[in-house]
1. Looking at (1) out of contact with any strand residue (DSSP E or B) (no Cβ under 7 Å at 6 or more places or on another chain); (2) of a type outside the set (D, E); (3) open to solvent by 30 Å² or more (accessible area, probe 1.4 Å); (4) outside the structural domain of V25 (by TED's automatic domain parsing), which one does Y224 not meet, given that it meets all the others?
2. Give the number of residues within the range 46-70 that are within 25 Å of F185 (Cα to Cα), open to solvent by less than 30 Å² (accessible area, probe 1.4 Å) and near ligand 1 (Cβ under 7 Å from one of its atoms).
3. Take K78 and tell me if it is within 8 Å of ligand 1 (Cβ to nearest atom), open to solvent by 40 Å² or more (accessible area, probe 1.4 Å) and within 34 Å of the chain's Cα centre (by Cα).
4. What pairs can you find where one residue is in the range 426-455 and outside any helix (DSSP H, G or I), the other is acidic (D, E), and their Cβ atoms are less than 7 Å apart, with a gap of 6+ or different chains?
5. Need the failing condition index for A548 against (1) within 25 Å of S506 (Cβ to Cβ); (2) open to solvent by 40 Å² or more (accessible area, probe 1.4 Å), just the number.
6. Collect the residues in the range 90-106 that are more than 6 Å from ligand 1 (Cβ to nearest atom) and in a loop (DSSP other than H, G, I, E, B), keeping them in residue-number order.
7. Which residues, counting only those in the range 458-472, are assigned to a strand (DSSP E or B) and either open to solvent by less than 60 Å² (accessible area, probe 1.4 Å) or touching a Cys at 6+ places or on another chain (Cβ under 7 Å) (or both)?
8. Could you please tell me which pairs satisfy a Cβ distance under 6 Å, a separation of 6+ or placement on different chains, a first residue in the range 259-280 that is over 15 Å from G319 (Cβ atoms), and a second residue that is open to solvent by 50 Å² or more (accessible area, probe 1.4 Å)?
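The values are calculated or read from the model by the stated rules, or taken from the named source; none is laboratory data. Predicted, not measured: the structure shown is a model, and the values here were computed from it. Cβ placement follows ideal geometry from the backbone for every residue including glycine, while neighbour counts extend to all protein chains displayed. Protein only, heavy atoms only, side chains kept; ligands, DNA and RNA dropped before computing areas. Shrake-Rupley method; radii C 1.70, N 1.55, O 1.52, S 1.80 Å.
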Amino acid sequence: MIKILSESISNKVAAGEVVERPASVVKELLENALDAGGTRIIIDVEKGGRSLIRVADNGSGMTHDDALLSLERYATSKIFNESDLFSIKTLGFRGEAVPSMASVSKFYLETNQNNHGPGTSIFVDGGKIKKVTRPGAPSGTMVTVKQLFFNVPARRKFLKTINTEMAHISDITSKIALSHPGVHFKIFHNGKVIKDWSSVSDPSNRVADVLGKNMKNSFYQVEYKEGLYSVSGWISSSADLRATSRGLYIYVNGRFVRDKTVRHALIEGYAGRLMKGEFPTAVLFITLPHGDVDVNVHPAKNEVRFFQQKAVHDLVVKGVSSTIDIAEQPKWETIDTDYAVTKYASASDPAAGYVFEPPADYNSTRDMPGQLNIETRSDFSQKEIPAKKQTTFWNKKYFSGLRIIGQLHNVYILCESDEGLVLLDQHAAHERILFEQLKKGVENSMGPAQQLLVPETLELGFMEKNILEKILPDLVKAGFDMEPFGGNSFIIKAVPVFISCADVKSVILEVVETMAETGSSSGISSKLDQFLMLIACHSAIRAKQSLAHEQMEELLNQLDGCENPSRCPHGRPTWISLSSVFFEKSFKRIV
Ligand SMILES: Nc1ncnc2c1ncn2[C@@H]1O[C@H](COP(=O)(O)OP(=O)(O)O)[C@@H](O)[C@H]1O
Ligand SMILES: [Mg+2]
């Protein structure tokens, strides 16, 4: 039953226009159809929604009185009092969409409640009810919005091309369809079917329909729960990245949202496997008690506020990182030794994204033996990565099992593996080792380590002091014995064992200054990570440093102990490999 909300509630419903463009009409109509329990929804669009948008559902329909009432502002059947605003289970709740759409178009509503007698048909012209009839009608509801913004020329002028508006409509329908796999969606544009997603019981089939079959096969499944909070869905491998965040589909209790907390947590969950400007593809469903999230933040209802923001953040970080850690343990054998290595990067292995091309044209380089122009390709695209799900645990001593050949240019460690040649970036690898050791120190309270002969005092600026103060307790756990020393200064008495002692003071100073300058990202844990990363970078073996055989051996041993040995903390690969077959083909031993 529809009721008009009292003024006190309606004022609380954040004000604002809901109808911005054809896609927002489609969104509101789809939400209404789903709230009404529709399981088959047909969307008809003409000229990108400029001339016609029609959404028909087989849901509950409305009684005659309710159909008339639905045209009133703040008329909704979904909430009744103020407290309901804080436990919203439906997609709609504002009672604004139907009257808003009807006021800026030629609006037709046809509805019938499960074959109980005649239905209702209403025609509204620019907000004025022009005709009401009681024809026979199938059960369910059909809303037609013609000539959108015909009476608001300024708005109509802002509409983009038919293709652009249609792309927005497809996009919003995809977003809604991903979270309603049990519902059949069919879209027509100018009379032609452009999408037809039939109802599926396995949600991953809807992901395949909407995002493509390849996506489905290369995705890792996420399933993680903590108390009443849970996160589930699919994420791409860290070799399967994009340059924009457009592949992120985040849902909170079934509602598509744009949310910084979840997005940040998702990226953090990839822990160093992503470089700046790289994004995974992900479909993530977060479920939590309705009372723990406020959905009445914005009229478009695509933003939410979490009452336990940190809990949600931690949930997503853990859900994502545990999935990735299991799925992406390195395995040499995942690097294809076929000559087709040029077109192949294992989806399971981030470092394998760097693959090698022999010269495209042998003739041009025939006169220059030894100058094979081998290129790294870091711009690998998703399409070339074969679908392959990797769930093998990493339980062998991969790195320590390699035979060390020597150092190249004092920058790379060359090793022989059963399949070919493995090159490690000594600095990146050591950075990874130090970073993980420092993090373990924080987690397990390693306690102080090497005492400095003479304690050092550190003079900081105000910003730097605040940064250091926040993360100090964690640094103490990691083995930094530091304390405030009056004003903006600190005294350093000890540092973790594996940090090189020389010039600790200036290193810490530089790290904190960099953090203040770059405006470290939110959250204490990411500040701490940033600090540890920078310290690891400063203390790690440099490139151009010559290493003794034992030092290289030690490095490989320690890399075996890392959780994520294939990437440095900033996301660069720590190793790459060239297959024997690559050499054989290059030397024309085999063709
Ligand atoms: N497709 C539909 N099927 C059944 N009822 C509908 C449908 N569309 C709208 N309604 C009814 O009209 C009311 C007003 O819709 P709307 O203006 O979108 O507000 P809201 O969805 O926020 O409640 C809804 O609460 C619902 O009762
Ligand atoms: Mg609605």
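1. Of (1) out of contact with any strand residue (DSSP E or B) (no Cβ under 7 Å at 6 or more places or on another chain); (2) of a type outside the set (D, E); (3) open to solvent by 30 Å² or more (accessible area, probe 1.4 Å); (4) outside the structural domain of V25 (by TED's automatic domain parsing), only one is false for Y224: (1).
2. Number satisfying all stated conditions: 4.
3. Details: within 8 Å of ligand 1 (Cβ to nearest atom): yes; open to solvent by 40 Å² or more (accessible area, probe 1.4 Å): yes; within 34 Å of the chain's Cα centre (by Cα): yes.
In short, yes.
4. Correct list of pairs: P448/D481.
5. A548 satisfies every listed condition except (1).
6. Correct list: T90, L91, V104, S105.
7. Taking the range 458-472 and keeping what is assigned to a strand (DSSP E or B), we get 458-459.
L458 - this is the single residue of the range 458-472 that is assigned to a strand (DSSP E or B) and either open to solvent by less than 60 Å² (accessible area, probe 1.4 Å) or touching a Cys at 6+ places or on another chain (Cβ under 7 Å) (or both).
8. Within 6 Å, the pairs are F279/R242.
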